[in-house]
Every structure is written in structure tokens, then in C-alpha cells.
Amino acid sequence: MSRTIAVLGGTGPAGTGLALRWVRAGETVIIGSRDAVRAQSTADAIRQQVGAQAKVSGMENAAACAASDLLVLTVPFEGQAALLKQLKPALRPGSVLIDVTVPLAASVGGRASRTIGVWQGSAAQQTAELVPKGVSVVAAFQNVSADVLNGDDDVDCDVIVCSDDPRATQVAMELAVKIPRVRAIDGGKLENARIVEQITALLIGLNIRHKGHGGMRITGLPEAAYKSFAK
Ligand SMILES: NC(=O)c1ccc[n+]([C@@H]2O[C@H](COP(=O)([O-])OP(=O)(O)OC[C@H]3O[C@@H](n4cnc5c(N)ncnc54)[C@H](OP(=O)(O)O)[C@@H]3O)[C@@H](O)[C@H]2O)c1
């Protein structure tokens with residue numbers, strides 16, 4: 001697998017924040033967008049923050065898929081299915097697609113502190129239904145605030161990684177621990193994304209109530225359950 005990471009919808013706060021952290025860690029990142037110029041301008045902004053050595057570029061989403069087999073999907077739920085249908089011909093078997101989408105009620109005019117029901121169980125399971133055979137879907141990073149990712153401080157959060165493909169889980173866990181202080185935890189099957197996505201709505205509600213950027217830590221598991229930068 002190529003290590004180039006294509007962040008689809010990478011012009012928004014979630015995708016830009018993840019891309020920024022991975023570029024800072026020395027990874028090669030492509031920002032994907034529906035508009036190549038917008039993607040390039042986000043890539044330029046990241047390069048300005050990180051420095052001239054930054055390995056980041058921007059292109060239209062389909063071109064980004066064609067250039068990488070490690071994809072991260074960071075679009076609002078209302079655009080997820082249509083975008084995946086459009087990108088289907090560009091998604092190659094053997095690729096890993098990490099889905100960050102949360103089905104917030106805000107996508108249908110409701111509150112960001114509530115979610116909407118998804119027939120398949122979760123946004124990530126909907127993605128799994130829409131990608132071509134041979135593309136492994138992972139759910140991860142839904143509980144990490146973009147405000148924190150786009151800042152300079154370490155990220156005081158655990159990332160729960162769910163997938164039906166253990167190889168894809170490992171790939172996502174390795175990416176998660178590129179972000180300073182993040183620990184990655186294998187969260188089991190993709191169906192558990194249903195629960196992880198709901199936690200985002202809770203965190204948004206807490207952040208509104210307490211005016212913060214709260215994240216989540218899981219305590220009490222054996223040391224071996226936590227992957228961190230050192231391991
Ligand atoms: N923001 C957070 O703190 C956070 C944290 C965890 C998870 N998430 C989840 O991550 C996802 C992205 O969050 P975000 O805040 O970055 O969202 P966003 O700013 O609303 O959207 C991200 C990007 O998606 C593209 N996009 C928007 N509507 C689209 C559509 N209908 N079809 C295709 N592409 C579309 C846009 O890029 P172009 O116009 O350039 O194509 C936009 O810049 C969401 O599902 C969100 O729930 C967000």
C-alpha cells in the first residue's frame with residue numbers, strides 16, 4: 001500500500017485538521033475536494049503552517065482517489081452517499097477507506113448534538129455498502145474535535161478504530177498515533193461505529209454546554225490495548 005493519504009472533503013475543518021497533523025508528521029497528503037482550486041488552496045495553507053518541506057498537494061476528489069489507496073472521508077453526512085456513488089469507479093480494490101463521517105441531525109436541519117438513524121446502522125456501514133468489493137472500510141477519528149486538530153497543542157484523545165478487516169484496522173491505528181498524544185484502540189467490528197458515531201453527538205452537546213473542546217479517553221484496559229507513538 002502506498003503511504004500517500006488522500007483526504008476526501010479535506011477542505012473542511014475535520015479533513016484539514018487531520019491532514020495538518022499527518023503532514024507535520026512527515027506523511028504525504030493529498031487534499032481532495034469537489035473543486036481542484038479549493039483543494040490546492042487548502043494544501044497551500046497547510047504548507048504555510050508546516051513549512052516548505054511539507055508534502056501536501058490538492059486535487060479534485062476522483063483524481064485524489066486515483067493517486068492513493070489510503071483514503072480518508074471527511075464530508076458531511078448529507079453528501080456522503082452521493083459522493084461515494086460518484087467516486088465508485090475511482091476506488092480500487094485493496095484500498096483502505098477510513099470514514100470519519102457522523103450522521104448528525106444538523107445535516108437535515110436538526111441539532112448537531114443529535115444524530116439521525118441510518119438504515120445500515122451507521123454512516124460507516126453505509127459507506128461499506130457503497131464502495132466496490134475489495135475496498136476495506138474503517139471507522140475512526142469521529143470523536144476528535146477539528147478545533148483541536150487545527151491547533152498546535154497535543155491531542156488529548158483516544159481514537160477508537162472499527163473495521164471488519166484487521167489489516168485495515170492496523171493501517172488506521174498507525175495513522176492515528178502519528179498525532180501527538182493520541183492513543184489508538186481496536187474497537188472491533190465495523191458495526192461498533194454505530195456507537196462511536198453517537199458519542200460524537202454527546203461530545204458536541206458537552207462542548208456546547210461547557211464551552212470547550214472535549215475529547216474522550218478510555219481508561220482501565222490492559223496496556224497492550226493502547227497503541228501509542230512509542231509502540
Ligand atoms: N468538525 C469536527 O470537529 C468533526 C469532528 C469529528 C467528525 N466530524 C465529521 O467529519 C465530517 C466532516 O466534518 P467537517 O466539519 O469538516 O464538515 P464540512 O466542513 O461541512 O465539510 C467538509 C468538506 O466536505 C465537502 N462537502 C460539503 N458538502 C458536500 C457534499 N454535499 N458532497 C460532497 N462533498 C461535500 C466540502 O469540500 P469541497 O466543497 O471542497 O468539496 C467541505 O469542505 C462530518 O461528517 C463530521 O460529522 C467532524
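Here are the numbers:
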read-out	value
The chain, accessible surface, carbon-and-sulfur percent (1.4 angstrom probe)	54
Ordering of 124-134, 54-64 by packing [mean C-beta count within 10 Å, highest first]	54-64, 124-134
Accessible area of R47 in the full protein assembly, 1.4 Å probe (Å², nearest 10)	80
Under the span-like rule (Cα at least 24 Å along the axis, Kyte-Doolittle mean at least 0.5), DSSP H helices of the chain	193-210
Packing-based order for 141-151, 7-17, 35-45, using average beta carbon neighbours within 10 Å, highest first	7-17, 141-151, 35-45
Where the chain is the region considered: accessible area per residue in Å², 1.4 Å probe	45
Pairs beyond 32 Å (Cα-Cα), from K85/K211; K55/K133; K85/K227; K88/K178	K85/K211; K85/K227
Dipole magnitude of the chain about its Cα centre (Cβ charges: Lys, Arg +1; Asp, Glu -1), debye to nearest 20	80
Global form of segment 179-229, assessed from the alpha-carbon gyration tensor, a/c cut-off 1.5	oblate
Gyration tensor (alpha-carbon) shape descriptor, segment 51-113, a/c threshold 1.5	oblate
Gyration tensor verdict on segment 84-231 (Cα atoms; rounded if a/c is under 1.5, prolate if a/b is larger than b/c, oblate otherwise)	oblate
Zero-based 5 Å bins, Cα pair distances in segment 1-125, whole percents	2, 12, 21, 23, 18, 13, 8, 3, 0, 0
FRET efficiency, Q53 to D186 (Cβ-Cβ, R0 41 Å, nearest 0.05)	0.80
Calculated FRET value between A45 and A105, using beta carbons and R₀ = 30 Å, to 0.05	0.50
The chain - share of DSSP beta bridges that are antiparallel (%, nearest 5)	15
All aspartates and glutamates inside 19 Å of K189 as judged from Cα atoms, apart from same-chain residues fewer than 8 positions distant	D99, E129, D158, D164, D165, E174, E197
Whole-number percent relative contact order across segment 1-152, with pairs defined as alpha carbons under 8 Å at least 6 apart	24
Contour excess over end-to-end distance, with Cα ends at S228 and R167 and 0.36 nm allotted per residue	20.2 nm
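The values are calculated or read from the model by the stated rules, or taken from the named source; none is laboratory data. Remember, predicted model here, so these are calculated numbers, not experimental data. All Cβ positions, glycine included, derive from the backbone under ideal geometry; neighbour counts span all protein chains shown. Ligands, DNA and RNA are excluded from the accessible area calculation, which covers all protein heavy atoms including side chains. Shrake-Rupley method; radii C 1.70, N 1.55, O 1.52, S 1.80 Å.
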